[in-house]
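Chemist: The structure that follows is given in the form of structure tokens.
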Amino acid sequence: MPVPIRRLVVALTLSCALLAGTTACGGSEKSSTKDTGTVPTADTPGPTTSAQRQKFAKTRFVANAGLAAGATYQWIVKPWKAGKFKKGAKGRKSALVKAGLAGAFTYNRLKAAEKNAQGDPKLAKALAPISAGIAALKSLPAKLRSGDTKAAGSFDDVINKVKDAGSSAGAPVKNKVPSASELAKGS
């Protein structure tokens, strides 16, 4: 049974890449690190200051919340408003599977956004009342897959509350629709 040339080329390329990777990662007795003898202390400045950590916390919050909002709108709210989740609707199964994936993705990103918000006092305070709503989203992807159309409204409500909390803390959130591969990966 002949093997196509493309498969052979791919197999050879992957083998070479693995071999090169293991060779590059191998330890060598000749390489050494220079010990300067200094020990980091609390006085040693870190890579970022407190203000920078807060800025990055807001940036990460906006990115994660934006992805969650985009996924919710694209694959849950739009099909829900179009009636794709109703029994007998054309493309219902596909819409429900995508909504379930989007729901899990949204939950994952909102939990990450919630963790990011802890780095900024204003964001943490604004997001605190919404934490229970975010936690309640954990069971909703399964409800979406089973056809519970009320779950779509719950996602929309929580996303709008997160957006409002972000805006009140100076971190406005805009929808950013993730790619299908990002959605499938779940992060």
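Chemist: Under 30 Å from the Cα of LYS86, which lysines turn up, not counting those fewer than eight places away in the same chain?
Modeler: LYS78, LYS98, LYS111, LYS138, LYS143, LYS150, LYS161, LYS163, LYS174, LYS176, LYS185
Chemist: Shifting gears a bit: Counting only residues 5 or more places away or on other chains, whose amide H sits under 5 Å from the amide H of VAL173 once H atoms are built in the peptide plane?
Modeler: SER167
Chemist: If you don't mind, another one. Percent of accessible area on the range 86-187 owned by carbon and sulfur, 1.4 Å probe?
Modeler: Answer for the range 86-187 is 55 percent, counting heavy atoms of protein chains only.
Chemist: Convert each backbone phi in the range 69-86 into a coupling constant with the Karplus relation 6.51 cos²θ - 1.76 cosθ + 1.60 (shift: θ = phi - 60°), then list the ³J(HN,Hα) values in order as whole Hz, x for Gly and Pro.
Modeler: 5, x, 5, 4, 5, 5, 10, 10, 5, 4, x, 5, 5, 7, x, 6, 8, 6
Chemist: For LYS176 and LYS122, calculate 0.36 nm times their separation in residues minus their Cα-Cα distance, and state this gained length in nm to one decimal.
Modeler: 17.1 nm
Chemist: Further question: Rg and Dmax in Å for the range 92-135, alpha carbons only: what are they?
Modeler: According to the Cα coordinates of the range 92-135, Rg and Dmax are 13.4, 43 Å.
The values are calculated or read from the model by the stated rules, or taken from the named source; none is laboratory data. For clarity, every value in this text was computed on a predicted model and none was experimentally measured. Remember, those area values only see protein heavy atoms, side chains included, never the ligands or the DNA or RNA. Shrake-Rupley method; radii C 1.70, N 1.55, O 1.52, S 1.80 Å.
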